[in-house]
Amino acid sequence: MAFAPLETPQIAVSVIVENAGGGSTHAAHLARAMTDAWLLEDETPDVDEVREILEQDDANLDG
């Protein structure tokens, strides 16, 4: 569960990634991308950045 900003929150996000290890492994990166998109008023989250982070996490879990 995440919310932002700390003072007077505007968004709350809960992310569940099934069979993906601990929350900091995948869910935290997805929650960050969603909150950034909302707070920075981007049209979409940076999907390529999130994909790259998730692939790095998968490599770390495998190796």
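The values are calculated or read from the model by the stated rules, or taken from the named source; none is laboratory data. These figures come from a predicted structure and were not determined experimentally. Cβ: placed from backbone, ideal geometry, glycine included. Neighbour counts: every protein chain shown.
General remarks:
- Unmet criterion (only one of (1) in a helix (DSSP H, G or I); (2) modelled with pLDDT under 70; (3) touching a helix residue (DSSP H, G or I) at 6+ places or on another chain (Cβ under 9 Å)) for His29: (2)
- Output for segment 32-63, where each listed residue is modelled with pLDDT under 75, surrounded by 15 or more Cβ atoms within 10 Å (Cβ to Cβ) and among the β-branched types (Val, Ile, Thr): Val50, Ile53
- Just one of the numbered conditions (1) modelled with pLDDT of 75 or more; (2) exposed (fewer than 12 other Cβ atoms within 10 Å of the Cβ); (3) among the hydrophobic types (A, V, I, L, M, F, W, C) is not true of Phe3: (2).
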